1. State which residue is nearest to Trp13 (Cα to Cα) when the search covers only the range 84-105 and only residues that are within 17 Å of the chain's Cα centre (by Cα), hydrophobic (A, V, I, L, M, F, W, C) and assigned to a loop (DSSP other than H, G, I, E, B).
2. Pick from the range 61-72 the residues that are surrounded by 12 or more Cβ atoms within 10 Å (Cβ to Cβ) and not in a loop (DSSP other than H, G, I, E, B): which of them is farthest from the chain's Cα centre (by Cα)?
3. Can you find a residue in the range 26-38 that is surrounded by 15 or more Cβ atoms within 10 Å (Cβ to Cβ) and over 20 Å from Arg109 (Cα atoms)?
4. Output the number of residues of the range 24-60 satisfying the condition of being of a type in the set (Gly, Ala, Ser), closer than 30 Å to Asp123 by Cβ and in a strand (DSSP E or B).
5. Give Ala200, Ala162 a once-over and let me know the one that is modelled with pLDDT under 95, surrounded by 10 or more Cβ atoms within 10 Å (Cβ to Cβ), small (Gly, Ala, Ser) and assigned to a helix (DSSP H, G or I).
6. Can you name the number of the only condition in (1) under 18 Å from Gly194 (Cβ atoms); (2) at pLDDT 95 or above that Ala120 fails?
7. One residue is enough: does the range 75-86 have a residue meeting the conditions under 17 Å from Val112 (Cα atoms) and small (Gly, Ala, Ser)?
8. Would you pick out the residues in the range 10-52 that are modelled with pLDDT of 95 or more and aromatic (Phe, Trp, Tyr)?
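The values are calculated or read from the model by the stated rules, or taken from the named source; none is laboratory data. Computed from a predicted structure; not experimentally measured. Virtual Cβ from ideal backbone geometry, glycine too; neighbours counted across all protein chains shown.
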Amino acid sequence: MSAMHTDLSRLDWAKGDGLVPAVVQHAASGEVLMLGYMNAEALAATQSKGLVTFWSRSKRRLWMKGETSGNVLSVVSIRADCDADTLLIAATPSGPTCHTGSFSCFGDRGEVRPPLGFLAELDALVATRDVERPAGSYTTKLFESGVRRMAQKVGEEGVETALAAVVQGDEELLGEAADLLFHLTVVLRARHLGLGEVAAVLARRHAEREASAKN
């Protein structure tokens, strides 16, 4: 676990009679998975085990999410809000979060996913394909064709996207752009990179331009 261990002394436990609400979101794609409550003991258990653990208000005991179903939430980071009375936990789910079988306690994945959240899901899926190489998968065939062939496909899709932008309609352009983005994701993964690293470069460049504009 690479979680930021929140300073327990900073949290305002008194405001909620010893409990603070903890919002859990998907670490990669940002979906809100659930809301629970933690006391100091639950937070300490979460930090030490790396698995989200709440204080059950109905059972009056510590409750590790997934302790019976196996659908645990593996902690990536923990943050306190500005008033130090609420926690935001980024976690990786091992299965459906909700006891009803839904991806999130707030609905199915398509209902709670941020507009660009699927890109993180796609990136993770491509990474899994690279490791597992399932037979019959187009992504497997791409990986097995080698980086040179993958790069060629990116070039082909780039040209087709550019042509669609000039001479075709919106639907065709979106389709070609989707093909380009998929093949780019695959070739990045072949180099042990992902869309997250690309987003980080864009964010850094934006920050540098913002800083330069203020000077």
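1. Of everything passing the filter in the range 84-105, Cys105 is nearest to Trp13 (Cα to Cα).
2. Once the filter is applied, the top-ranked residue is Leu62.
3. yes
4. 1
5. Details: Ala162 fails: modelled with pLDDT under 95.
Every option except Ala200 fails the conditions.
6. Of the numbered conditions (1) under 18 Å from Gly194 (Cβ atoms); (2) at pLDDT 95 or above, the odd one out for Ala120 is (2).
7. Our first condition is that a residue be under 17 Å from Val112 (Cα atoms); within the range 75-86, this holds for none.
Scanning the range 75-86 turns up no residue that is under 17 Å from Val112 (Cα atoms) and small (Gly, Ala, Ser).
8. Correct list: Tyr37 only.
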